[in-house]
Structure formats: C-alpha cells, structure tokens
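Heads up, the thing below is written out as structure tokens.
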Amino acid sequence: PALDSHVVDVADLESITPHFEGVDAVIHLAADPSEKATWDSVLHNNLVGTYNVFEAAVRHGVRKIVFASSNHVTGMYERDYPYSDIVSGSYDKLEPGEYPFITDRSPVRPDGYYGVSKEYGESLARFYHEDSGISVACIRIGTVNRNNNPLGSIRHFATLCSHRDLAQLVQLCLKNDMFGFEIFYGVSNNTWRFWDIDHAKMVLGYEPKDNAESFRKEFELLRQTEHSGNRIKE
C-alpha cells in the first residue's frame, strides 16, 4: 500500500521504460513461472520481457538488477544419479552432502523452454554487465510456494527455499556493491539439498535459516493418512 503500482505488459518496452526513471535497483520477477510453459509464452514473457527490463534499466542508469533465474537452468541433472534418487526420496544408499553439488560453474542443462528462457536471461545479464557496466545478481531460485513448506512433493525436501531465506538473499544482493555479475542458488539449508550455497555465503554472507527437514514428520504423517484413505476406498 505504501508503494506506487503500475500494471504494464513486460513485453512492451515503451510501456515499461518510463517506470525505470530515478530507480537505483530492479528486482526482476516478471515471467511465466511454469516449468511446463509453452514456447510462445516464454518468448513473450520471459525472453522479450527480460530483454526489455535490462534495456530499460540501462537507458535510465539503473545501478543493479536482481534477476529471478531458476534451478531449471540445470534441471536435467535430476535425471541422473544421485540427484534422481534424492528428488524421489530414495536415500538408502546416500549420505547427506556426500555427493557433488551443482554449482554456478556447472554446465547448464535446462529441462524445458522455461529453463532455456532463464538461461537466456543469465546470458543477457552477463552481456549487459560487460557491455554497460550494470551489476546483476542472478538467483537460481529453488522451490518457493504459497504454503512455504515441502509438503507438496518429496523433491521439495531438497529444493525448498523458504520465504525468509529468499528475502534474505535478495536483500543481500541489493546491499552488496562488491560484485558485477554473479549467479547464486536460492535454496534453504536443507539436509538433502544438492545445489551449492557456499558461493552465496562467501560473496554475500548468506546464512539460510530454514531446513525443509523440519517438516519431515508432518510429511510422513500426511502420506500415511493418504495411504490409509486409499486403502479404505479400495
């Protein structure tokens, strides 16, 4: 309520450009956020829209952009062991953290048009930084949902990023003036996470407060209840 709001189409450069005047930093979240988004949708919202945000920011001398990238830039790793076992909850032969973490330096492996669009956004960010000098932090955000918990999927016990941990990470990106272009994974300190947060800790001082494991008992109880309900129906 204390902020001005303007509803515009992010794919319309001339409509969004005036709203960047006098702005120090931009948090760019606008996109089709579905991992199953169609090509037509990501073309309009994610590719054209992201170009427009960077272009409008540079035109008006914006100092920094925090870009909402996605874990789906490297989503195909989850088809490979050990990540495939982790996201399916098959922990029997694994120990937490005793496997290679996926980092900002790992080769990109998008798992759909959405992931491709976010990879494009990261490349665009690097170009604008090196060409125009604007600072950009790309956050490969994990699972953020309305309920702020991993109860919807066993995968979320590895990938959850709590609301306050994401807010902390964005705030640190805005406050830190020591970097020019960086990629960070946005994930809480989950026991079974497989994305690196050491880079964010070193560069930003990121200290996630939450761990999806705190919901494990509740998840197991829900699963038992659902299983019992199915047996009754049968």
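The values are calculated or read from the model by the stated rules, or taken from the named source; none is laboratory data. Owing to the predicted nature of the structure, the values given are computational and were not obtained by experimental measurement. Ideal geometry is used to build each Cβ from the backbone, glycine not excepted, and the neighbour counts take in all protein chains shown. For the accessible areas, the whole protein counts, side chains as well, though only heavy atoms, and no ligand, DNA or RNA atoms are used. Shrake-Rupley method; radii C 1.70, N 1.55, O 1.52, S 1.80 Å.
The table below lists the values:
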{"item": "Test: residue in region 185-204 that is closer than 21 Å to residue 83 by Cβ, without any contact (Cβ under 8 Å) to a residue 12 or more places away in the chain and among the small types (Gly, Ala, Ser)", "result": "no"}
{"item": "Positions within region 39-49 being farther than 21 Å from residue 144 by Cα and of a type in the set (Val, Ile, Thr), in sequence order", "result": "48"}
{"item": "Any hit, region 133-142, residues being among the basic types (Lys, Arg), in contact with a strand residue (DSSP E or B) (Cβ under 7 Å, 6 or more places away or on another chain), over 22 Å from residue 178 (Cβ atoms) and crowded, with 19+ Cβ neighbours inside 10 Å", "result": "no"}
{"item": "Whichever residue in region 78-114 is closer than 15 Å to residue 35 by Cβ and basic (Lys, Arg) and, among such residues, is surrounded by the fewest Cβ atoms within 10 Å (Cβ to Cβ)", "result": "79"}
{"item": "Region 163-188, residues that are closer than 30 Å to residue 88 by Cβ, of a type outside the set (D, E, K, R) and surrounded by fewer than 18 Cβ atoms within 10 Å (Cβ to Cβ)", "result": "163, 167"}
{"item": "Every pair of residues 6+ apart whose Cβ atoms lie under 6 Å, when the first sits in region 45-71 and is touching a residue at least 60 places away in the same chain (Cβ under 8 Å) while the second is small (Gly, Ala, Ser) and open to solvent by 50 Å² or more (accessible area, probe 1.4 Å)", "result": "58/132"}
{"item": "Answer from 119, 207 - the residue that is open to solvent by 50 Å² or more (accessible area, probe 1.4 Å), under 20 Å from residue 65 (Cα atoms) and in contact (Cβ under 8 Å) with a residue 24 or more places away in the chain", "result": "119"}
{"item": "Where a residue in region 162-174 is within 21 Å of residue 62 (Cβ to Cβ) and its partner, wherever it lies, is in a helix (DSSP H, G or I), with Cβ under 6 Å and at least six apart", "result": "172/204"}
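Conditions (1) more than 23 Å from residue 106 (Cβ to Cβ); (2) surrounded by fewer than 17 Cβ atoms within 10 Å (Cβ to Cβ); (3) aromatic (Phe, Trp, Tyr), marked per residue:
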residue: 27; (1), (2), (3): yes, yes, no
residue: 30; (1), (2), (3): yes, no, no
residue: 38; (1), (2), (3): yes, yes, no
residue: 42; (1), (2), (3): no, no, no
residue: 46; (1), (2), (3): no, no, no
residue: 76; (1), (2), (3): no, yes, no
